[in-house]
Structure formats: structure tokens, C-alpha cells
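Asker: Please read through the structure below; I'll follow up with questions.
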Amino acid sequence: MAPDFAEELICALEAQGRNVLAAHVAVVKVQSCTFDRSADASYIYFARPAQSKQSKEPAAPVAETIPFAEPHWFNIDVDHHGYLFGVELLGRADIVARLQSALTLGSS
């Protein structure tokens, strides 16, 4: 993940007292990301750790959404096991472009 964006996530989570989730940011891997140009919104999906998978997953994989408004404009989703599931970005096309470039380079 882009180091400056990872730091932004960490600081935002720590400011809300979510230190365990902030620590997860340092080790989480980006699985994929999507971008909706018309909405100027995107979603970063994180690879889920093996211990967060169960034989029967809940119908909705997200247990909690932590919203962050200005200046961040993102929402962090957490799965039922307390792990980062993903981040919805609003008006942050610059971050998505860097992630998509990194994912493309990493798959070659």
C-alpha cells in the first residue's frame, strides 16, 4: 500500500482509539481495488488472514464500518473477526491510481 496513505489510515484509526486496527494496517496486503469514475469513489479490498475465515461465513462479510469525513474522506470496513476488510475512498482517485499501478506491476 502507498506508505503515505497507510500512515493516514493509521493516524485516523489511532485518533479514534482503534490501535489494534491501526497495527493491522502495517501488515495488511491489498488484494484488489475498484474505481467508479462517475461517482469518484473506489474500494480497496484487503487480503483476509487465514484465521479470519470460517467454514460458514456470515451473509454480510462486513461487521462494522468506521466513517472518516474531512479531511480523509474514507470509510474503513472491519470483518466479523476484527480484521480490516477494506476501505471505501471518496474523491481520492490519486490513491487508487497508485494502488492500481502497484498491483499491475506486482502481477507481472
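Rule-based calculations on the coordinates, nothing more; no lab input. Not measured: the values here are computed from a predicted model. No Cβ is skipped: glycine too gets one built from the backbone with ideal geometry, and neighbour counts run over all protein chains shown.
Asker: Amide H to amide H under 5 Å from ALA63: which residues, 5+ apart in sequence or cross-chain, H placed 1.01 Å off N in plane?
Answerer: VAL78, ASP79, HIS80
Asker: So for each of 12-20, 79-87 I average, over its residues, the number of other beta carbons within 10 Å; can you give me the resulting order with the highest mean first?
Answerer: Put in order of decreasing packing, that is 79-87, 12-20.
Asker: Under the 0.36 nm per residue contour assumption, what length would be gained going from the current alpha-carbon distance of ALA23 and TYR45 to full extension?
Answerer: 6.2 nm
Asker: Given just the C-alpha atoms of the stretch 3-106, how large is their convex hull per residue in cubic angstrom?
Answerer: 111
Asker: Place a label point 7 angstrom from the Cα of ALA69 along the Cα-to-Cβ direction, then list the residues of the stretch 80-96 whose backbone nitrogen is under 18 Å away.
Answerer: Only 88-92 pass the distance filter.
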